[in-house]
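Novice: Have a look at this one before I ask anything.
Just so you know, all these numbers are worked out from the coordinates, no wet-lab data involved. What you see is a predicted model; the values in this text were computed from it and never measured. Ideal geometry is used to build each Cβ from the backbone, glycine not excepted, and the neighbour counts take in all protein chains shown.
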Amino acid sequence: MDAPPQTLTIAVSTLGERIGALRAWHFDPRLHYLLLWQRPTSLAPDWPANVELVELPGTGVANSRNAAIERCRTPWLWFMDDDVDFPPGSIDAVLALLPSCGAHQILVASVLLPDGRPLKRKPDGLRYGRRDILSVGTIQIVAHAGWLRSQGVRYPRRLGAGARFPVCDEPVFLSRAMRAGARVSHADTVSIVHGEESSGRDLGSPQAVRARAIAFYEIFGAPWCVLASAYFWLRHGRALGRRWPSLFHYGAAD
């Protein structure tokens, strides 16, 4: 059985003229949509009645995600980007799951490549621990907006695309939710389609490397963050090259 109408908001982060890509979307009438538009242009197409356009100042995807948490007025919120597709049945599947979920439960969708192959692994037992959340992307996350607001759980402002340190906003967000009591579970029946490119693999700048250090510090704390950095160095030393010292340069995520 489907959840009642407007149980779920899909909050799409978009930038500048990229909003034009959303014209081709099918906006499901059972849902509410927030289009979080940074660097708005003069382009302002008409949208269906269940689509709300929000022009945001500045840049940084974390600012967009946090605005979605504040503005969401349905119980559940699915963070999304403008280059994602939904396979047939995925919306039905998430709406079927939500009535049995507690507010403190966060669902993580599967990510498929356009050819149907899985892009990201899922954890053993479908329950996410602190190590598992390191591979989760924001577009996989379905959470209860009211619970996030009540617990003060937000995305880190210094991490993520458009910020000084351009990756690792997702695991820090999930670690904050877990410390507040969230249970993070894989939703096998819910999936999205995305290309193979991923900013999470970026190690090409000291800022991208240091983002891992900041995330390790927030997720694992001291001294375990040092062990996490050392393990990451052992696995990715060739890609890190001379940037490896940034992997041990810890700091605040906000």
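Novice: Rounded, prolate or oblate: which fits the stretch 206-248, taking a ≥ b ≥ c as square roots of the Cα gyration tensor eigenvalues, rounded meaning a/c under 1.5, else prolate when a/b beats b/c?
Specialist: oblate
Novice: Same structure again: Let me check against my output: what whole-number percent is the relative contact order of the chain, with C-alpha pairs under 8 Å and at least 6 apart?
Specialist: Numbers: 475 pairs, mean separation 48.9, N = 254.
Here the relative contact order equals 19 percent.
Novice: Between Phe248 and Arg130, with labels modelled 7 Å along Cα→Cβ, what's the label distance in nm to one decimal, could you check?
Specialist: 2.0
Novice: Would the chain count as rounded, prolate or oblate if I go by the C-alpha gyration tensor, calling it rounded below 1.5 in a/c and otherwise prolate when a/b exceeds b/c, oblate otherwise?
Specialist: Numbers: a/c = 1.70, a/b = 1.42, b/c = 1.20.
Prolate is the answer for the chain, as a/c is 1.5 or above and a/b outweighs b/c.
Novice: In whole Å, what is the distance between the alpha-carbon centres of the stretch 22-85 and the stretch 223-254?
Specialist: Here the answer is 34 Å between Cα centres.
Novice: By how many nm would the segment from His104 to His236 lengthen if fully extended, with 0.36 nm per residue of separation less the alpha-carbon distance?
Specialist: Here the segment from His104 to His236 would lengthen by 44.1 nm.
Novice: Convert each backbone phi in the stretch 12-20 into a coupling constant with the Karplus relation 6.51 cos²θ - 1.76 cosθ + 1.60 (shift: θ = phi - 60°), then list the ³J(HN,Hα) values in order as whole Hz, x for Gly and Pro.
Specialist: 3J(HN,Hα) across the stretch 12-20, in whole Hz: 9, 8, 9, 9, x, 6, 4, 4, x.
Novice: May I ask what percent, to the nearest 5, of DSSP beta bridges between residues of the chain are antiparallel?
Specialist: Just about 20 percent of them are antiparallel.
Novice: Okay, next question. Given H placed 1.01 Å from N in the peptide plane, which residues other than close sequence neighbours of Leu34 have an amide H under 5 Å from its amide H?
Specialist: When sequence neighbours closer than 5 places are left aside, the close amide H contacts are Ile10, Ala11, Val12, Glu52.
Novice: Between Phe27 and Arg39, what is 0.36 nm times their sequence separation minus the Cα-Cα distance? Round to one decimal in nm.
Specialist: Length gained between Phe27 and Arg39: 2.0 nm.
Novice: Given the options Gly181, Pro87, Ala103, identify the residue whose Cα lies farthest towards the positive end of the charge dipole of the chain (+1 on Cβ of Lys, Arg; -1 on Cβ of Asp, Glu).
Specialist: Toward the positive end, the furthest listed residue is Gly181.
Novice: Can you work out the Karplus-derived ³J(HN,Hα) for every residue in the stretch 57-70? Use 6.51 cos²θ - 1.76 cosθ + 1.60 with θ = phi - 60°, whole Hz, and x for glycine or proline.
Specialist: Each residue's phi maps through the Karplus curve to give x, x, 9, x, 5, 4, 4, 5, 5, 5, 5, 5, 4, 5 Hz.
Novice: Still on this structure, I have one more. Convert each backbone phi in the stretch 89-104 into a coupling constant with the Karplus relation 6.51 cos²θ - 1.76 cosθ + 1.60 (shift: θ = phi - 60°), then list the ³J(HN,Hα) values in order as whole Hz, x for Gly and Pro.
Specialist: With the stated coefficients, the stretch 89-104 comes to x, 5, 5, 4, 5, 5, 5, 6, 7, 4, x, 9, 9, x, 4, 7 Hz.
Novice: Where the centroid of each part is defined by its Cα atoms, how far is the stretch 110-157 from the stretch 88-104 in Å?
Specialist: 15
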